[in-house]
Every structure is written in structure tokens, then in C-alpha cells.
Amino acid sequence: MPETKSLEKEKAYGRLLDAILRGDISPDAPLSERKLADSLGIGRTPVREAVKDLVREGVLEAHPTRGTFVRRLSLQDVQEIYQVRYAIEGLAAFLAAERGPSQALSDFGPGFRTAIAAPDKCNVADLYDHGAAFHLEIFRCAGNRNLLEIYRPIRLRFRIALGLPRHHDPDRVFDSAREHLEILDAIEARNGELAQKLICRHLQKGLEVRTQLFQGVSRDIPAAITMPAGEA
């Protein structure tokens, strides 16, 4: 029985998260456990547990009097997330290069090269998702479980609000694919310092694009949230 409950909770978590990522759940309306259970085809108890997990991970936010909502990220939230990403993703890339790439990491190369060689035949959303999975695989390749545990909840937050460029700027998605290849090449060459530098530069460009989307205008990134010294 405990195993069955755990599986139901995982199923509820996965389906609820997918619905949030697809934009099926409005951030303006409070979540209803009963309606979620009906729409997801899962009992209310596992849905309740999944909601609690997503609140704890910062994907949802609970207000005592208003209810539970999909969390809206502000520009400051985005900037703070990227500050953390510079630190932990830079370290993950360095460690992955020191250890050497896993086969799973190297397998991302052909997908990026194919997309770059034939952009007209590439699905931009699929390429974006391929890139997001590449970042996660770098953490797995780094071989540090604590680092991966820190990254997972942050990844969930920016997946919801920071997927915007794949809809607004396909050119940036293809530029990212080229940057991912450069990072992969550095890891495969076992050059930790270069891999760290390249991934921080890649993140900086991503932050610039997302800042412009939030602000609606092109302007410089404040100095307080640019890359750490030595990573430019």
C-alpha cells in the first residue's frame, strides 16, 4: 500500500507540473483540489500532496486567505535565480569536465549539430527542451548529488516562467544550441575552466534576453546581477 500511494503521488505531481508548464492552469485563479483531481484523473489525496510539494519547491505559492496559486516570477526573481545559476552551473560544468563527459552527455552533440545544420527542419520547442535537458545532464555528469539536489527546485521555477524565448525568439534558441556545443566541446576536452567560463557566458546571454522580455525594452543588465568577476 505505501508503494501504491507513493506512485499515485508521483503521478499526480507529474501531471500537475505538466499542466502548469503547458499553461493549462491560470495563475490568476486559485487551485481547486477537487477540480484538479477530476481533470487529472487522480484522487484528491495524492493531488493534495503534490500541491504541497510544489509549494515547497516554489512553483506554487499558498496564501492563507486567498488560496494556492501558480507563482508568478518577477524580474527580481529571475535575476536572483540567475545569480544562483552562475554559481552552481559553473561549478557543475567544471566538475563535469574534470571527471570527463558521460556517454549520455556526449549524445546531446548530434542533436545540436543536426538542428544547426538544418534549422528549417527543426522544431524550435523540441530544440529548447533538448537544451534544457543538456543542462540537467551536466549536473548528473558532475557527480555531486548535493549540487543536483540544489539545482532541481530552481530548474522547476525557471522552466515555468523562463521558457518564453522559445516562443518569442527562435534565433536565440539556435544561438543557445551553438553555445551548448561549445560547452560540450570544452567538457569533452576536459577543460574545466573553459567549460565554466562558457556556461556562465551562455547564462548571461539568456538573462539579457529574459530581462528584455520582462521589461519590454532593450536595456543593460544591472551590474549587481552580471556574471561574477573573471567569468565574462
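The values are calculated or read from the model by the stated rules, or taken from the named source; none is laboratory data. What you see is a predicted model, and the numbers here were worked out from it, not measured in a lab. Counting neighbours? That spans all protein chains shown, and the Cβs are built from the backbone with ideal geometry, glycine included.
Given the criteria within 30 Å of Gly192 (Cβ to Cβ) and at pLDDT below 90, does Ile88 qualify? Full working, then the answer.
Numbers: within 30 Å of Gly192 (Cβ to Cβ): yes; at pLDDT below 90: no.
Criteria not met by Ile88.
Restricting the first member to region 118-141 and to residues that are in the same structural domain as Ala93 (by TED's automatic domain parsing), and the second to residues that are of a type in the set (Ser, Thr, Tyr) and assigned to a helix (DSSP H, G or I), the beta-carbon pairs closer than 9 Å and six or more apart or on different chains are Lys121/Thr114; Cys122/Thr114; Leu127/Ser176; Tyr128/Ser176; Gly131/Ser176; His135/Tyr151; Leu136/Tyr151; Phe139/Tyr151. Of everything in region 1-45 that is more than 15 Å from Leu156 (Cβ to Cβ) and touching a Leu at 6+ places or on another chain (Cβ under 9 Å), the residue that is surrounded by the fewest Cβ atoms within 10 Å (Cβ to Cβ) is Arg44.
What do you reckon, is Pro30 closer than 18 Å to Lys9 by Cβ and either out of contact with any helix residue (DSSP H, G or I) (no Cβ under 6 Å at 6 or more places or on another chain) or at pLDDT 85 or above (or both)? It is false that Pro30 is closer than 18 Å to Lys9 by Cβ and either out of contact with any helix residue (DSSP H, G or I) (no Cβ under 6 Å at 6 or more places or on another chain) or at pLDDT 85 or above (or both). Checking Ala115, Ala96 one by one, the residue that is among the aliphatic types (A, V, I, L, M), touching a His at 6+ places or on another chain (Cβ under 8 Å) and either touching a residue at least 40 places away in the same chain (Cβ under 8 Å) or not assigned by TED's automatic domain parsing to the domain that holds Arg201 (or both) is Ala115 and no other. Going by the conditions given, is Ala142 surrounded by 18 or more Cβ atoms within 10 Å (Cβ to Cβ), of a type in the set (Gly, Ala, Ser) and at pLDDT below 95? It is false that Ala142 is surrounded by 18 or more Cβ atoms within 10 Å (Cβ to Cβ), of a type in the set (Gly, Ala, Ser) and at pLDDT below 95. Do the conditions hold for Leu16, that is, is it touching a residue at least 40 places away in the same chain (Cβ under 8 Å) and not assigned by TED's automatic domain parsing to the domain that holds His130? No; evaluated as a whole, the condition is false for this residue. It is to be established whether one or more residues within region 10-22 are among the β-branched types (Val, Ile, Thr) and part of a helix (DSSP H, G or I). Looking for residues that are among the β-branched types (Val, Ile, Thr) and part of a helix (DSSP H, G or I), one finds at least one in region 10-22, hence yes. Taken over region 46-73, residues that are out of contact with any Leu (no Cβ under 8 Å at 6 or more places or on another chain), under 14 Å from Arg157 (Cβ atoms) and of a type in the set (Asp, Glu) amount to 2.
For region 189-203, the set of residues classified as over 14 Å from Phe134 (Cα atoms), assigned to a helix (DSSP H, G or I) and not aliphatic (A, V, I, L, M) consists of Gly192, Glu193, Gln196, Lys197, Cys200, Arg201, listed by residue number. Among the residues of this structure, Arg66 does not count as one that is under 21 Å from Leu21 (Cα atoms) and either among the hydrophobic types (A, V, I, L, M, F, W, C) or loosely packed, with under 14 Cβ neighbours inside 10 Å (or both).
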